[in-house]
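The next block holds one structure in the form of structure tokens; read it before the comments.
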Amino acid sequence: MIRLYLVRHGQTVENLEHILQGHMPGHLTNAGKEQMRQLGKELAGIHFDHLLCSDLQRAIDSAICMNLSLPVTTTPLLRERDWGIFTGCKIETIRRDEAFPESVESTEQLYCRATLFIEFLLKNYDGKSILCVSHGLFNRFISSVVSGKPYYEIPRFENSGFQILQVEQLPQKRPCCTTSDKDEASAN
């Protein structure tokens, strides 16, 4: 069994400006840095065997701000959704009445990547306590894969928010996806 602490990065300038960051690096605000320092203090008494982190700069900076004296291991598996041609656009400019173009990572692709991440954990970190710094929407997909619930039933992760999961095995039944990709443009 793996004890997994899923953390969302701190507030970014782009969050404040309602920009779809996707694979952009992102820039933590002073408030975002402080959020992560406070979370680090809150989690300081917990033993973590490893700290895994998205390879996007806003997540790396967030992990460093937590100051937990753990080496940060990055992986592209933990990246936020690739918003394709919408990357860098204001959320308000995205038409929600049309399907996303192929350049946008689909919900199916997100489920697959989240499943790959859980398989990676089970293969390499069984019996460990893992701190994982990632992104709001992608954390919901990880939680979905572990719980067997559809991602849209998983509560949103606020900046510096976290959730604790017990990972024993992949569920036999994969979560279904009945909402469209376009509904998630506001979840950046």
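Derivation of every value follows stated rules applied to the coordinates shown; laboratory data play no part. All figures in this text were calculated on a predicted structure; none of them were measured in a lab. Here Cβ is always computed from backbone atoms with ideal geometry, including for glycine, and neighbour counts include all displayed protein chains.
Largest GNM mean-square fluctuation among 167, 146, 13, using the chain with Cα springs under 10 Å: 13. From largest to smallest, the equivalent ellipsoid semi-axes obtained for the stretch 51-114 from the alpha-carbon gyration tensor read 29, 14, 8 Å. Fully extending the segment from residue 30 to residue 73, taken as 0.36 nm per residue of separation minus the present Cα-Cα distance, adds 13.1 nm.
Here the Karplus relation 6.51 cos²θ - 1.76 cosθ + 1.60, evaluated at θ = phi - 60°, turns the backbone of the stretch 132-149 into coupling constants of 10, 9, 9, 10, x, 5, 5, 4, 5, 5, 4, 4, 4, 4, 5, 7, x, 8 Hz, with x for every Gly and Pro. With one equal scatterer per alpha carbon and no solvent term, the Debye-computed log10 I(q)/I(0) for the chain at 0.12, 0.19 1/Å reads -0.53, -1.33. Taking θ as phi - 60° and the Karplus parameters 6.51, -1.76 and 1.60, the scalar couplings of the stretch 99-116 work out to 5, 5, x, 4, 5, 8, 4, 7, 4, 4, 5, 5, 4, 4, 5, 5, 5, 4 Hz in sequence order, x denoting glycine and proline.
Extending 7 Å from the Cα toward the beta-carbon at both residue 57 and residue 17 defines two label points whose distance is 1.3 nm.
Please work out how much length the chain gains when fully extended from residue 1 to residue 103, using 0.36 nm per residue of separation minus the C-alpha to C-alpha distance, in nm with one decimal.
Fully extending the segment from residue 1 to residue 103 adds 33.1 nm.
Put a dot 7 Å past the Cα of residue 170, heading toward its Cβ, do the same for residue 147, and the two dots end up 2.0 nm apart.
Would you mind classifying the stretch 7-55 by shape? Square roots of the alpha carbon gyration tensor eigenvalues, ordered a ≥ b ≥ c; an a/c under 1.5 is rounded, otherwise it is prolate if a/b is larger than b/c and oblate if not. It comes out oblate by the Cα gyration axes. Bridging of residue 128 to aspartates and glutamates at a Cα separation below 18 Å is possible for 49, 119, 168, once same-chain residues fewer than 8 apart are set aside. Each DSSP beta bridge with both residues in the stretch 2-187 is either parallel or antiparallel, and the antiparallel ones are about 35%.
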